[in-house]
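The values are calculated or read from the model by the stated rules, or taken from the named source; none is laboratory data. Just so it is clear, the structure is predicted and the values come from calculations on it, not from any experiment. Glycine gets a Cβ as well: all are built from the backbone with ideal geometry, and neighbour counts include every protein chain shown.
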Amino acid sequence: MKFRKRIIAGNWKMNKTVSEAVELSAAIRHELAECNDVDVVLCPPFTAIAAVAESLEGTTISYGAQNMHWESSGAFTGEISPFMLRGLYCHYVILGHSERRTYFGETDEIVNRKAQAALAATLRPIVCVGETLEQRESGDHIGVVSAQVHASLAGISGADLKKTVIAYEPVWAIGTGLTASPEQAQEMHACIRKEIAVLCSQEAADAVRIQYGGSMKPSNAAELLEQPDIDGGLIGGASLEARSFVELVKIARERN
Ligand code: 13P
């Protein structure tokens, strides 16, 4: 198996004022300033990115946004462009999160446009996919997620896919306290990796990092991160407190 550096990212969603965000990033920095063996990424709301960036200066901790528009500028009231994020030296951008798909009508085609625009702006996209409970219960989950991977990443080169992170987030596990079992998650991660081989190449499939997201917390992270195709976590609730987020990074480090 090819070595893939683990990646633990915090998706703070619509939480934290600027001062709260700085307080949280400072507490994380205090524990993880010298973390080189796991990629650590903080994704605050847009309003706090600049302040979090400043508080992370001189550390190896990266930061990013939770969404962006695909155009570089123009009459798109309320939107943020890839170049604006690069202007803040963001490294990553989360795209196609299920909350964006559900509440804001984002489709695979939109996610694909955004992913291409992010890569063109030298941002690393974290592209989210995942099935609903209904889709899992009807036995469609593999087909649904494979189709999302195909459509969201269509036309992206092997070199760019290697810079892309995929987050498998079963919708039924997000914010519910329910987690996919390690076997359920591993099965899906292996399918996603196979899809990348079909879409592009085995080389890209071996290199792409696939995170699990959905109620990941210190008590369940170890068994998930021990699975061969799970390369990290995209963390919601447990990233809003320094103690649990730092603990998750430490668990990932121990499994390198
Ligand atoms: P929770 O960890 O709160 O379930 O959220 C997961 C998520 O949506 C991360 O993007």
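From ALA207, ALA159, grab the single residue that is more than 15 Å from the ligand (Cβ to nearest atom) and touching a residue at least 60 places away in the same chain (Cβ under 8 Å). First the steps, then the outcome.
Working: ALA159 fails: touching a residue at least 60 places away in the same chain (Cβ under 8 Å).
Among ALA207, ALA159, only ALA207 is more than 15 Å from the ligand (Cβ to nearest atom) and touching a residue at least 60 places away in the same chain (Cβ under 8 Å).
Tell me which residues, restricted to the stretch 111-123, are touching a helix residue (DSSP H, G or I) at 6+ places or on another chain (Cβ under 9 Å) and closer than 16 Å to ALA154 by Cα. Don't jump to the end; show me each part of the working.
Initially, the stretch 111-123 is screened for residues touching a helix residue (DSSP H, G or I) at 6+ places or on another chain (Cβ under 9 Å), giving 111-112, 114-123.
Listed by number, the residues that qualify are VAL111, ASN112, LYS114, ALA115, GLN116, ALA117, ALA118, LEU119, ALA120.
Return a yes/no flag: does the stretch 179-187 have any residue that is among the small types (Gly, Ala, Ser) and closer than 16 Å to LEU153 by Cα.
Filtering the stretch 179-187 down to residues among the small types (Gly, Ala, Ser) leaves 180-181, 185.
Checking the rest, the ones that are also closer than 16 Å to LEU153 by Cα come to none.
Checking the stretch 179-187: not a single residue is among the small types (Gly, Ala, Ser) and closer than 16 Å to LEU153 by Cα.
Please go through the stretch 123-143 and pick out each residue that is crowded, with 16+ Cβ neighbours inside 10 Å and among the aliphatic types (A, V, I, L, M).
Those that are crowded, with 16+ Cβ neighbours inside 10 Å and among the aliphatic types (A, V, I, L, M): LEU123, ILE126, VAL127, VAL129, ILE142.
In the list GLY233, GLY177, which residue meets the criterion of being crowded, with 18+ Cβ neighbours inside 10 Å, within 15 Å of the ligand (Cβ to nearest atom) and either among the small types (Gly, Ala, Ser) or more than 19 Å from ALA9 (Cα to Cα) (or both)? Before the answer, list the steps.
Working: GLY177 fails: crowded, with 18+ Cβ neighbours inside 10 Å.
Unique residue meeting the criteria: GLY233.
Residue by residue through the stretch 162-199, note down the ones that are among the aliphatic types (A, V, I, L, M), assigned to a helix (DSSP H, G or I) and without any contact (Cβ under 8 Å) to a residue 60 or more places away in the chain.
Filtering the stretch 162-199 for residues among the aliphatic types (A, V, I, L, M) gives 165-167, 171, 173-174, 178, 180, 185, 188, 190, 192, 196-199.
Keeping just the survivors that are assigned to a helix (DSSP H, G or I) gives 171, 173, 185, 188, 190, 192, 196-199.
The answer is ALA173, ALA185, MET188, ALA190, ILE196, ALA197, VAL198, LEU199.
Of all residues being hydroxyl-bearing (Ser, Thr, Tyr) and in a helix (DSSP H, G or I) in the stretch 1-37, which is nearest to the chain's Cα centre (by Cα)? Just the residue, please. Talk me through it step by step, then tell me what you get.
In the first step, residues of the stretch 1-37 are kept if they are hydroxyl-bearing (Ser, Thr, Tyr); the result is 17, 19, 25.
From the residues that got through so far, the ones that are in a helix (DSSP H, G or I) too are 19, 25.
Details: SER19: 24, SER25: 18 Å.
Across the stretch 1-37, the extreme among qualifying residues is SER25.
Please specify each residue of the stretch 124-143 satisfying the condition of being more than 25 Å from ARG4 (Cα to Cα), more than 15 Å from the ligand (Cβ to nearest atom) and either touching a helix residue (DSSP H, G or I) at 6+ places or on another chain (Cβ under 9 Å) or in a helix (DSSP H, G or I) (or both).
Correct list: GLU134, GLN135, ARG136, GLU137, ASP140, HIS141, GLY143.
Could you please tell me which pairs satisfy a Cβ distance under 6 Å, a separation of 6+ or placement on different chains, a first residue in the stretch 1-23 that is within 11 Å of the ligand (Cβ to nearest atom), and a second residue that is in a helix (DSSP H, G or I)?
Listed pairs, sorted by first residue: GLY10/SER239; GLY10/PHE245.
Check SER219, SER215, SER244 and return the single one that is polar (S, T, N, Q), within 26 Å of CYS35 (Cα to Cα) and in contact with a strand residue (DSSP E or B) (Cβ under 9 Å, 6 or more places away or on another chain). Give the steps one after another, and end with the answer.
Details: SER219 fails: in contact with a strand residue (DSSP E or B) (Cβ under 9 Å, 6 or more places away or on another chain); SER215 fails: in contact with a strand residue (DSSP E or B) (Cβ under 9 Å, 6 or more places away or on another chain).
After ruling out the rest, the residue left standing is SER244.
Kindly indicate which of SER152, SER146 is within 16 Å of the ligand (Cβ to nearest atom), modelled with pLDDT of 95 or more, among the small types (Gly, Ala, Ser) and buried (at least 16 other Cβ atoms within 10 Å of the Cβ).
Sole residue among the options that is within 16 Å of the ligand (Cβ to nearest atom), modelled with pLDDT of 95 or more, among the small types (Gly, Ala, Ser) and buried (at least 16 other Cβ atoms within 10 Å of the Cβ): SER152.
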